[in-house]
Structure formats: C-alpha cells, structure tokens
C-alpha cells in the first residue's frame, strides 16, 4: 500500500503547470528545428523561427510561451493499492493545484475558464475546475499527466461517425483546411478511432500525450497498420500546404497520433 499525501499531489500539479507553461518538451523543439531546416517558404520558415525564438525566451525568462495558458486536463492512473491521505476528493485536490499555479504571484498564468458556459459566462478567476480523467490500474503507483490545452486548438476538435467503407484520410484532409490557423500549426493531430463517441474523443486527447516519433517511423518504416495509417495521414496533411501559422509551406503537422478501440460491428 502506498500513501500519497494531499499536499504532495497538489504541489505536483501546481509545479507541473508552471513548468509546462514555460517549457516546450524537447521532442517538440527538435521536431520544429527539423521543420525549420527543411522549410523552403520564406514566410513559413520565418514563422517557425519565431516560434523557436519565443520558446527559448519563455524558457530563459520563465514566462508563459503563449498568452493562452489553457484549460487544464489531467489524466490520473491510480494504482489499486494507492491510498490518498486527506479529506478532499481527487477533483478538489487537482483544482487546488491548478489554483495555486495560476495565481502564483511570481508567475501568474491567465485564467481562461468561464461559468456557466452559456449565459453570464463569468471568469472563474483561477482557471478551475480542471478536466480530470481517472483510470484505476494494478499496482501501488500514481501516474499524473498534466496538459494545458489552449482554446485555439481545443476548439478545433471534430467528431464524425464514419462507416467502415469511408475514407478516414480524406475526412482528415477535408477538415484540416476548415480549421484555419487558429490552432497555430505546425501541430500534432490526435485521432481516436472506435469505441463510442466519448471514448473516441478521449483517446484522441490521450494520444497527444505521447512523444513525437514520426521521423523514426519514416526512417525505419511502419511496423504495423496504425503506424502505416499515421504516416499516410501525416503525408496527406502536409501536402495540403497550410504550413506554419497558415502561411503555406511544407509542414502543417509534426506528427499524427492514433489510439483505437474495439467498436460495434
């Protein structure tokens, strides 16, 4: 049995949110650098260069890399032998961490949430509540994955009920141009396939939490059907020429992630 104190979880969430507001993960920086080197469009190359410069300035100055510091999404994998010491619910503990991070006087983050979603739409003031997903797993460990999803990308989500005979790649390439540049390409596409509607959306979000590895797939070739599909969608998406910040160019997406699940016949 592992006992995790409420304060430790709150501190971990707060620290994670402050960190991800200011630092891009290394895999993203490397992928952007490769895209910069390959780019032939002057405008797109300049846009990618500005993103990389901004990333460095945010890290060095410990300031948010974007004014939109996002809706907090937390994935918890809770071991069956984990016990939480404290009286608050998991939602309440996560929200305490969010509140502490966004109201940090040394580096305040923009609060973007409004409630209710219809009507008055008043800012909640501290970016709570977070969106929390909990999965019980074997063992005595707790895994916490924290994301801050900006509205520019989050509001571009799409859900479709496709027939098995429908062309998924065509569906993706039909939808990408309609999203404009508000999702700040180059980015990463996450797709959830199968299950039920809510399962598909959740899988799409979860898929984005894995490292960028498209260059490895290109180098060694697809090892299974999912990797082959990822590569096909990646190539088809980049052929659209949307490019960095919608300015045209070679790189619209840095990677395509897919999770799937059995579904009704």
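The values are calculated or read from the model by the stated rules, or taken from the named source; none is laboratory data. This structure is a prediction, so every number in the text was calculated from the model and none was measured. All Cβ positions, glycine included, derive from the backbone under ideal geometry; neighbour counts span all protein chains shown.
Couple of notes before you dig in:
- Residue 243 being at positive phi and modelled with pLDDT of 95 or more: yes
- Residues (in contact with a helix residue (DSSP H, G or I) (Cβ under 6 Å, 6 or more places away or on another chain), over 17 Å from residue 142 (Cβ atoms) and crowded, with 18+ Cβ neighbours inside 10 Å) located in the stretch 81-103: 101
- Residue within the stretch 137-144 that is in contact (Cβ under 8 Å) with a residue 60 or more places away in the chain and crowded, with 17+ Cβ neighbours inside 10 Å present: yes
- A single entry from 160, 120, 148, 111 fulfils the requirement of being surrounded by 17 or more Cβ atoms within 10 Å (Cβ to Cβ) and not in a strand (DSSP E or B): 111.
- Test for residue 189: is it over 30 Å from residue 90 (Cα atoms) and touching a helix residue (DSSP H, G or I) at 6+ places or on another chain (Cβ under 9 Å): no
- Considering the stretch 123-133, the residues that are out of contact with any helix residue (DSSP H, G or I) (no Cβ under 7 Å at 6 or more places or on another chain) and part of a loop (DSSP other than H, G, I, E, B) include one that is surrounded by the most Cβ atoms within 10 Å (Cβ to Cβ), namely 124.
- Cβ pairs under 6 Å, 6+ apart, first in the stretch 179-195 and over 19 Å from residue 210 (Cα atoms) and outside the structural domain of residue 226 (by TED's automatic domain parsing), second assigned to a loop (DSSP other than H, G, I, E, B) and modelled with pLDDT of 95 or more: none
- Filtered by the rule that a residue be farther than 13 Å from residue 169 by Cβ and free of Cβ contacts under 8 Å to residues at least 60 places away in the same chain, the stretch 226-263 gives 226, 227, 241.
- Counting the residues of the stretch 112-127 that are touching a residue at least 40 places away in the same chain (Cβ under 8 Å) and on the phi < 0 side of the Ramachandran plot gives 2.
- The C-beta contact set for the stretch 85-103 (first residue not assigned by TED's automatic domain parsing to the domain that holds residue 143 and assigned to a loop (DSSP other than H, G, I, E, B), second residue modelled with pLDDT of 95 or more and surrounded by 14 or more Cβ atoms within 10 Å (Cβ to Cβ), distance under 9 angstrom, 6+ apart or interchain) is empty.
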